[in-house]
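Each remark here refers to the structure printed beneath this line.
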Amino acid sequence: MIALIRYTFATVLHTQRYVAPLLLFAGLLGVLTVNGSGALPPAYASSAGALFVCSTWLTVALMSLDEPAQRAIVVVASGGRSLKVLLAAIGTALLSCGVLMVLGLVLPLWLGLYHVTPDGLLLGVEAQLTCALVGTAIGVLCSRAVFARQGYALVSAVALVMLALLPKGMPPVNRLFTLMSTTPDPAKLLAPAGGMLALAAVLLAAAVSLAQFVAVRRG
């Protein structure tokens, strides 16, 4: 697994497909959090939203690095286990999101004037992990493993991102953002955010299972 993750990292660095989602993340983070002040939850809702969009795009890119022939070679080299290759791509995406999460926690504090508390920082971690997991789940569902045509994958990704963001009260993303934008006390949000994080983990597991099922059926 470690070797596959290293291979995926090397490939994405060589192809530079990380550049566009990284620039998007940096741009959204700067626009949404610069010169902010006050309580931390609204600021971390913004940084989590930036990570949500970035993680979706980044996962789609990571899952589509290899052409079908090259992917078949990688699967054979990994012992014929396509699930292992799929998990390696997801692991690479989550590790990348972990690095971006640190930036999402630190940059708002640097760009604005916020009331920093341990509860607020922990809430920021929960929110960004939740959005990273949901974004990765959408990226998996809209990858080449599921959609043979990239146009359909793009339309599906945009639709799922909008479905997660826009409908009022839709868990876990919209519900989490609503709570963070209306409740300034982060201590009161830790338990609900933990529930949204658990739901996000379930969604990612379901997305991985569905993507693997489709890939196996397609042969």
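Angle of helix 82-111 to the longest C-alpha principal axis of the chain, folded into 0 to 90 degrees and rounded to 10: 20°.
In deg cm²/dmol and to the nearest 500, what is the mean residue ellipticity at 222 nm of the chain if only DSSP H runs of at least 4 residues count, each as -39500 (n - 2.57), divided by the residue total? Write out the running numbers ahead of the final one.
Values: 9 runs with 172 residues, N = 219.
Counting only the DSSP helices, I get -27000 deg cm²/dmol.
Modelled spin-label separation between L87 and V106, with each label point placed 7 Å from Cα along the Cα-to-Cβ direction: 3.1 nm. Ranking S46, P108, V34 by Cα position along the charge dipole of segment 2-218, where only Lys, Arg, Asp and Glu carry charges on their C-beta atoms, puts S46 farthest toward the positive end. What you get for segment 2-218, charging only the Cβ of Lys and Arg (+1) and of Asp and Glu (-1), is a dipole of about 680 debye around the Cα centre.
Under the Kirkwood approximation for Rh and a Cα-based Rg, what ratio Rg/Rh is obtained for segment 12-61?
1.08
Calculate how steeply helix 150-165 sits against the longest principal axis of the alpha-carbon atoms of the chain, using the helix alpha-carbon long axis, and give the answer as 0 to 90 degrees to the nearest 10. Roughly 30 degrees, rounded to the nearest 10.
Cβ crowding within 10 Å, taken as a proxy for footprinting-reagent exposure, orders K188, K168 from fewest neighbours to most as K168, K188.
For the chain, the longest principal axis of the Cα atoms and the long axis of helix 118-141 meet at an angle of about 30 degrees. Exposure proxy shown here: for E126, E67, the number of other Cβ atoms within 10 Å sets the order, fewest to most, as E67, E126.
Any read-out appearing in this document is the output of simple, stated calculations on the displayed coordinates, not a laboratory observation. Computed from a predicted structure; not experimentally measured. Methodologically, a virtual Cβ is constructed for each residue, glycine included, from the backbone with ideal geometry; neighbour enumeration extends over all protein chains shown.
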